[in-house]
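Asks: Before I ask anything, here is the structure I am working with.
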Amino acid sequence: NAGVTQTPKFQVLKTGQSMTLQCAQDMNHNSMYWYRQDPGMGLRLIYYSASEGTTDKGEVPNGYNVSRLNKREFSLRLESAAPSQTSVYFCASSEAVSYQPNTEAFFGQGTRLTVV
Amino acid sequence: DQQVKQNSPSLSVQEGRISILNCDYTNSMFDYFLWYKKYPAEGPTFLISISSIKDKNEDGRFTVFLNKSAKHLSLHIVPSQPGDSAVYFCAASGTGSARQLTFGSGTQLTVLP
């Protein structure tokens with residue numbers, strides 16, 4: 001049972017380049033999330049999806065787009081990367097059928113993104 | 001302004017002793033609190049939680065205490081083991097404007113053998 005799988009694990013981008021972070025879960029969870037973690041700060045929610053076909057903004061959505069392709073997959077796209085988007089990105093999933101932050105979330109290993 | 005604060009970036013404890021990790025919050029709308037643990041190169045994993053209707057929740061070696069009047073919670077690990085060495089994040093959520101889960105910056109716990 002792989003849980004939550006993120007690809008890639010590491011990425012270096014030049015300012016202005018675009019890329020998509022992939023996330024897939026095999027736990028049949030309804031909700032999926034994208035967080036970023038910056039040094040000295042806690043995880044901050046970028047976007048979440050409570051069900052296939054629905055997405056909602058979190059605390060820091062600017063500069064990102066997401067797609068809930070199906071129940072398993074939730075991708076995060078940076079259209080024009082900026083140095084301020086250098087961070088570690090975590091995808092997570094939970095059983096919640098709506099935004100229920102109290103429900104235990106299962107996290108992927110993270111993607112370390114550097115924008116130069 | 002950070003609404004969930006973990007003021008100790010790091011903590012070292014001897015194996016077998018008690019580890020106490022602290023967390024303070026400022027938003028009185030928070031009514032549910034969670035602790036996540038994170039090992040290097042891995043994602044966070046859920047550890048334990050507590051609702052504001054309780055002041056204590058215990059799960060094996062882990063106990064979380066909540067002091068609502070002081071807006072303070074703590075995680076006790078007894079006895080501490082080297083495998084407990086990790087970063088511990090406190091998180092809080094509530095209602096209305098406080099609905100979104102808010103994480104603290106984490107405390108690195110090192111348990112010395």
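Each reported figure results from applying straightforward, stated rules to the coordinates on display, with no laboratory input. Please read all numbers here as calculations on a predicted model, not as lab measurements. Note that we place each Cβ from the backbone using ideal geometry, even for glycine, and neighbour counts take in every protein chain shown.
Asks: With +1 on each Lys and Arg Cβ and -1 on each Asp and Glu Cβ, how big is the dipole of chain A about its Cα centre, in debye rounded to the nearest 20?
Replies: Working: 10 positive and 9 negative charges, 69 e Å.
So the dipole magnitude of chain A works out to roughly 340 debye.
Asks: Taking the Cα centre of segment B:41-92 as the origin, how large is its charge dipole in debye, to the nearest 20, when only Lys and Arg (+1) and Asp and Glu (-1) carry charge on their Cβ atoms? Could you put the intermediate results ahead of the total?
Replies: Working: 5 positive and 5 negative charges, 55 e Å.
Result for segment B:41-92 is approximately 260 debye, rounded to the nearest 20.
Asks: Return the long-range amide H neighbours of A:Gln17 (sequence gap of 5 or more, or a different chain), with a cut-off of under 5 Å between placed amide H atoms.
Replies: For A:Gln17, whose amide H was placed from the backbone, the distant partners under 5 Å are A:Ala81.
Asks: A further question follows. Using a Förster radius of 30 Å, what is the FRET efficiency between A:Asn65 and B:Thr26 based on their Cβ-Cβ separation? Nearest 0.05, please.
Replies: Numbers: r = 32 Å, r/R0 = 1.07.
Approximately 0.40, to the nearest 0.05.
Asks: Another question about this same structure. Lys and Arg at +1, Asp and Glu at -1: add these up for the other residues within a Cβ distance under 13 Å of B:Asn22 and post the number. List each step's numbers first, then the result.
Replies: Values: positive: B:Lys5, B:Lys71; negative: B:Asp24.
Computed value for this residue: +1.
Asks: Still on this structure: Would you pull out the residues with amide H under 5 Å of A:Thr86's amide H, same chain only if 5 or more places away, H placed 1.01 Å from N?
Replies: A:Val115
Asks: Which of B:Ser69, B:Ala92, B:Ile20 sits closest to the plus end of the dipole of chain B, meaning its Cα is farthest towards the positive end, when Lys and Arg get +1 and Asp and Glu get -1 on the C-beta?
Replies: In chain B, that residue is B:Ser69.
Asks: Let me ask you something else. Return the loop-located chymotrypsin sites (Phe, Trp or Tyr not before Pro) in segment A:1-46 (DSSP other than H, G, I, E, B) with at most 10 other Cβ atoms within 10 Å of their own Cβ; answer none if there are none.
Replies: On the way: sites: A:Phe10, A:Tyr33, A:Trp34, A:Tyr35; in loops: none.
When the chymotrypsin sites (Phe, Trp or Tyr not before Pro) of segment A:1-46 are filtered for loop state and at most 10 Cβ neighbours within 10 Å, nothing remains.
Asks: Along the charge dipole of segment A:21-116, which of A:Val116, A:Gln100, A:Gln22 sits closest to the positive end, that is, farthest toward it, with unit charges on the beta carbon of Lys, Arg, Asp and Glu (+1, +1, -1, -1)?
Replies: Checked the options; the winner is A:Val116.
Asks: If amide H atoms are built 1.01 Å from N in the plane of the peptide, which residues on other chains or at least 5 residues away come under 5 Å of the amide H of A:Gly110?
Replies: It is A:Gln6, A:Cys91, by chain and number.
Asks: Check cross-link reach from B:Lys68 to the lysines: straight Cα distance under 24 Å, and skip same-chain residues fewer than eight apart.
Replies: Those lysines meeting the cut-off are B:Lys5, B:Lys37, B:Lys54, B:Lys56.
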